[in-house]
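Reviewing the structure listed below.
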Amino acid sequence: MKMNRKKTMALLLVGMMAFGSAAAAMTNVSEAHHREHRQETYADGTTNKYSHRMHEEETTHRMNLRALRYQHRKGEISDKEYNKRMKEEQKRHDREMQNIKSEYEAHNPHKSK
């Protein structure tokens, strides 16, 4: 009887170890699967290319505005030239933002509006 008890315990331990290693192997496969489907995040915190492009355009726009304000404050450009360049920059920015939004809607018609 004692021999059967030892064999039973040994088989039980082997079974538990086999089940544990199979579960560990499945966990690795599952993690690899999720890693492939994880969304890419950009350095600025956005998760899709359209949001990333919009964020980059906003940054460019802010930098251009700051440069114009600096030139105006230092007297490098007149009030008239400053107003003209500000309007041009705003039109350029609006046009770029509209292009990005149009591309997004063209590629994702179910998500627009």
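The values are calculated or read from the model by the stated rules, or taken from the named source; none is laboratory data. Worth saying up front: this structure is predicted, and the values here are computed from it rather than measured. Here Cβ is always computed from backbone atoms with ideal geometry, including for glycine, and neighbour counts include all displayed protein chains.
Do you know which of the residues in the stretch 46-84 that are in a loop (DSSP other than H, G, I, E, B) and surrounded by 15 or more Cβ atoms within 10 Å (Cβ to Cβ) is modelled with the lowest pLDDT? Give the steps one after another, and end with the answer.
As a first pass, look at the stretch 46-84 and keep what is in a loop (DSSP other than H, G, I, E, B): 46-48, 74-78.
Filter again for surrounded by 15 or more Cβ atoms within 10 Å (Cβ to Cβ), leaving 46, 77.
Values: T46: 82, I77: 95.
By that ranking, first place goes to T46.
Just to check your reading of the model, which residue among N4, N28 is among the polar types (S, T, N, Q), modelled with pLDDT under 65 and part of a helix (DSSP H, G or I)? Please lay out each step first, then the result.
Numbers: N4 fails: modelled with pLDDT under 65.
Being among the polar types (S, T, N, Q), modelled with pLDDT under 65 and part of a helix (DSSP H, G or I) holds for just one of N4, N28, which is N28.
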